[in-house]
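Student: Sharing a structure below in structure tokens format, with a few things to ask.
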């Protein structure tokens, strides 16, 4: 500032002049090369950031790239417009008014498949034969074989899979075919063959491959168990990783296989290891009930009684937890209890987060998310929440912009007031006159004129005069631009506020509906748990009856034993 | 009796959902198949979809407005990255320096690399720059097709004139030794 003050008035004028020129010459619309813009949209689209892709897509892009547009719409769950855009694509295809690329056909096929429409999907995929890379071919084969399975033709699906392929897509396709054969045919050999091929094609390195391998092993094991080959089934159940989601099922079924082999000890060992998993998983409940059954069959009556008591207590405790979770959902709603990070006093036991994934909240969350209706509703909620957060972000940004524009406007006004065009012109004229008078002096030699750079000075003053004339018009324009930017800022902020209000209302309604869905699901779990509890209690009664009957037959006074067991039960509770 | 009950449960467990559209193998579950809950009100879904569309449009306008305010066309500099489709190496990270000052860095994930190889272009940096001569330096780390880690540095001296400037870094692979090559394209 001090430097500025110390400068000569002419320099001050020139600085102000340049500031205004810079401000005015900033055009408010600009464009980047088409290929860069389209590449940016593709980048977001391919990595699955559909919201960003849609934000980047302008109307021209949407009209010229219907397939990209519809892919992004579907990806961001705006399904109401999908059919309309697809219709346009098919119409254009029919009229031959637009050419679809290999990538486009692939995207259409995948979209139709995801929409559950296999016939149009197969029609789109048909256009791609021999035009795909090896990697794309795997995915192509997966969708086609699955479509044929859905349409009820396992033979055609098998034919599709006969093309030499490998990798996770092929493994998944063979797995699905195996499941289809298992369901549709009494002869399980085809299903088994498909499952075994699925295992062979699965490298089991990535998380997805591991998850699929676990699933295949569980299916093969179950298939063998159903075919009364428990020894073979056990080998497959053992291959399921203990950290997988289906580990409780595998362990429980492995116990069943061992039971079939009359190896009660191994059966109970397997069931005991299921106990560490959350009880909301029905396999865990079944394992808890299976343990006393195995003891009973082995003749260990007291262990059977204790195991029934343990199961009964576990179910009773879980029923209390279910009731508590239900009352929390009723009081606070699903968003506060399950979907958002909250610190509600007294609820730390449920809301606690940890590095481990088996916290109470995580257990129930996973259980609820296994229901597709709840999953879809929660996905919609999270998308709207993301939009709400973005509106919150823009709220602060627009505030900053508004302040900055106001400051800019005030500086502009001050500078333009302190700057007089007439005075500057007079100064330029004065300088021009002085240059002329120097030039007209007869005493100056040509060499001296060159050294003083008179010609350059003349040219510069002439340029300044021209720019000053231009500036006159631009000063008014600059003020208008700042005004229009401020107006734009206000308008955008107004729209943001309205949208945020609407979002809040929709989120509140959605929260209510998710809460209802989750509480319904919880009701089902409660019923299941109550049944489990009843089964354990019945088991207890059954054991007591057996003891009483055998005692009666053997004429042994067992009253003391029974009273001992009852007392034990009371103590245990 | 008990065993039969077990086996009936078993038969339900063996039912595996087919036709999964994603690669995540879904957990077969008795509860999942049995429970059919009443879904979310379709009118609410429709309202949410309409709102989403409006908000996409609003976000788009807001981004454009921000860009116009902060990076006017006469001072704008954009740096982009693209990769050739046939390159076999994996990008780990990139650092962009402008006049020896770090302006951005980025760590890559698998889906981003796949997207770049598929023709996607990433905007690495958008900023304002004064007219005149400047130096842009890109430092790229990654793993080559020959399983060797590499680090490459590419410098570019450029002149920023009184209009927007776009610089595209193109990563390619040498056909002779599979080593990464960098080409710079000025727009």
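The values are calculated or read from the model by the stated rules, or taken from the named source; none is laboratory data. Predicted, not measured: the structure shown is a model, and the values here were computed from it. Note: ideal-geometry Cβ built from the backbone for every residue, glycine included; neighbour counts use all protein chains shown.
Student: Under 8 Å between Cβ atoms, which residue pairs at least 6 apart in sequence (or on different chains) link something in segment A:116-139 that is surrounded by fewer than 16 Cβ atoms within 10 Å (Cβ to Cβ) with a partner that is modelled with pLDDT of 90 or more and outside any helix (DSSP H, G or I)?
Tutor: From segment A:116-139, the pairs are A:119/A:151.
Student: Hey, which of the helices (runs of 4 or more DSSP H) in segment A:1-116, taking only ones fully inside, have at least 1 residues that are closer than 30 Å to residue A:484 by Cβ, at pLDDT 90 or above and away from every other protein chain (no Cβ under 11 Å)?
Tutor: In segment A:1-116, A:59-64 are the helices (runs of 4 or more DSSP H) which contain 1 or more residues that are closer than 30 Å to residue A:484 by Cβ, at pLDDT 90 or above and away from every other protein chain (no Cβ under 11 Å).
Student: Let me confirm something: among B:117, B:109, B:165, which residue is surrounded by 12 or more Cβ atoms within 10 Å (Cβ to Cβ), within 12 Å of another protein chain (Cβ to nearest Cβ), under 19 Å from residue A:44 (Cβ atoms) and modelled with pLDDT of 90 or more?
Tutor: Within the list B:117, B:109, B:165, the selection yields B:117.
Student: Would you check if there is a residue in segment A:302-325 being surrounded by fewer than 21 Cβ atoms within 10 Å (Cβ to Cβ), in contact with a helix residue (DSSP H, G or I) (Cβ under 7 Å, 6 or more places away or on another chain) and within 12 Å of chain B (Cβ to nearest Cβ)?
Tutor: No; the residues of segment A:302-325 include none that is surrounded by fewer than 21 Cβ atoms within 10 Å (Cβ to Cβ), in contact with a helix residue (DSSP H, G or I) (Cβ under 7 Å, 6 or more places away or on another chain) and within 12 Å of chain B (Cβ to nearest Cβ).
Student: Same structure again: Residues B:115, B:82, B:93: which one is free of Cβ contacts under 8 Å to residues at least 60 places away in the same chain, under 14 Å from the mean Cα position of the chain (by Cα) and part of a strand (DSSP E or B)?
Tutor: It is B:93.
Student: Considering only segment A:173-273, give the helices (runs of 4 or more DSSP H) lying wholly within it that have at least 3 residues that are in contact with a helix residue (DSSP H, G or I) (Cβ under 9 Å, 6 or more places away or on another chain) and at the interface with another protein chain (Cβ under 10 Å from one of its Cβ atoms).
Tutor: Once the helices (runs of 4 or more DSSP H) in segment A:173-273 are filtered for at least 3 residues that are in contact with a helix residue (DSSP H, G or I) (Cβ under 9 Å, 6 or more places away or on another chain) and at the interface with another protein chain (Cβ under 10 Å from one of its Cβ atoms), what remains is A:207-226, A:247-260.
Student: Go through (1) surrounded by 12 or more Cβ atoms within 10 Å (Cβ to Cβ); (2) more than 30 Å from the chain's Cα centre (by Cα) and name the single condition residue A:484 misses.
Tutor: Only one criterion is unmet by residue A:484, namely (1).
Student: While we're here: Restricting attention to segment B:72-106, and to residues there that are within 14 Å of another protein chain (Cβ to nearest Cβ) and out of contact with any strand residue (DSSP E or B) (no Cβ under 8 Å at 6 or more places or on another chain), which single residue is surrounded by the most Cβ atoms within 10 Å (Cβ to Cβ)?
Tutor: Top of the filtered list is B:73.
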